[in-house]
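J.: Pasting a structure below so you can have a look.
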Amino acid sequence: MQKGLFQYIGDSFKILFNNRILLFAGVMEVLLTGMLLIMTFGGALGGPRTSLFTIISLVAIMGLVASFMLAGKIYMIKKVYDPDEEEPVEVADYFEGMKHFGFKVFGGSMFLIVCVLLVFVPLVYVLARTGSVFLIILATIALAVALVFVTLWDTILVVDDIDVASAYGDSISFVKANFWVVLGLNIFAGFITAGDLLDPAGAVGNGQEAGVNVAVDLSFLYQWIINTFGAAGWIISLLLLLVLSVIATMVFVDLYMDRRDRYGSFS
């Protein structure tokens, strides 16, 4: 019987509990998030006196680091879900994934961001100048839907060990066949994560805001915790992020590998 949205989420928590070594990836992500928070509030990212060159350099460095970390996390998770994998997952697998897929993930991320900047930013800017709220909302929805179709490119790239172009094509094919569950998991992941360092959706805004989001974009969940618990909320949020950042990746790896093995290749 085909698994549904909530079963993918529930199974991920169970599997994480039985494979707590995966939390190493969460620890690394918390460290990066903490560093970004310090840089953001310290003015290193986007402060009034920060030069454009400094911002671009920091974004490139942090984006490269984040890409390698994502590659390592997906590779560890993939090994857990692989029924043919006989060896237990180890921390060394994290670095193995970084080594083999880090640059590919970074290159694919840069490609996606450039596409968004070249296509959607000028469009949104022109629409903003017209003052049509309806058209701006329509363009934003179009961007969101387009990004849903490429949601799994990095997962597929690592799981199937293929090139970036093929990963994007396979992601589009897979999402066409599984749109609603992918959309649901995107909403779930957006709720429980802090937001990507290089978020192409950050390109949507008015003429003064248009650009790539380069800071930590806390979701409603973490904002609520921080507002409710004050200083202690930051500690609670980082501890939650340690677990939920791993879960947010696990659900997509589980979804793809489960349905690929069940229905065959989506290439």
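J.: Pull out the extension gain between M110 and S57, defined as 0.36 nm times the separation in residues minus the alpha carbon to alpha carbon distance; nm, one decimal. Let's see the in-between values first.
T.: Details: separation 53, 0.36 × 53 = 19.08 nm, distance 1.38 nm.
Here the segment from M110 to S57 would lengthen by 17.7 nm.
J.: What FRET efficiency comes out for the pair D261/V91, r = Cβ-Cβ distance, R0 = 25 Å, nearest 0.05?
T.: Working: r = 27 Å, r/R0 = 1.06.
Once the sixth-power term is evaluated, E becomes 0.40.
J.: Once you treat every alpha carbon in segment 66-130 as an equal point and sum by Debye, what is log10 I(q)/I(0) at q = 0.16, 0.17, 0.18, 0.26 Å⁻¹?
T.: -0.61, -0.65, -0.68, -0.99
J.: Between D82 and F179, what FRET efficiency follows from the Cβ-Cβ distance if R0 is 41 Å, with the result rounded to 0.05? Can you show the working numbers first?
T.: Working: r = 25 Å, r/R0 = 0.62.
For D82 and F179, the calculated efficiency is 0.95.
J.: Rounded to whole Hz and in sequence order, give me ³J(HN,Hα) for segment 86-94 from the Karplus expression 6.51 cos²θ - 1.76 cosθ + 1.60, θ = phi - 60°, writing x for Gly and Pro.
T.: Going residue by residue, I get 9, 8, x, 6, 10, 4, 4, 5, 4 Hz, with x marking Gly and Pro.
J.: Let me ask something else. On a 18 Å Cα-Cα criterion, which of the cross-link pairs K14/K176; K104/K176; K79/K99; K14/K99; K73/K176; K3/K73 come out too long?
T.: Values: K14/K176 28 Å; K104/K176 24 Å; K79/K99 15 Å; K14/K99 28 Å; K73/K176 25 Å; K3/K73 23 Å.
Flagged as over cut-off: K14/K176; K104/K176; K14/K99; K73/K176; K3/K73.
Here, each number is a calculation from the coordinates, and none is a lab measurement. This structure is a prediction, so every number in the text was calculated from the model and none was measured. No Cβ is skipped: glycine too gets one built from the backbone with ideal geometry, and neighbour counts run over all protein chains shown.
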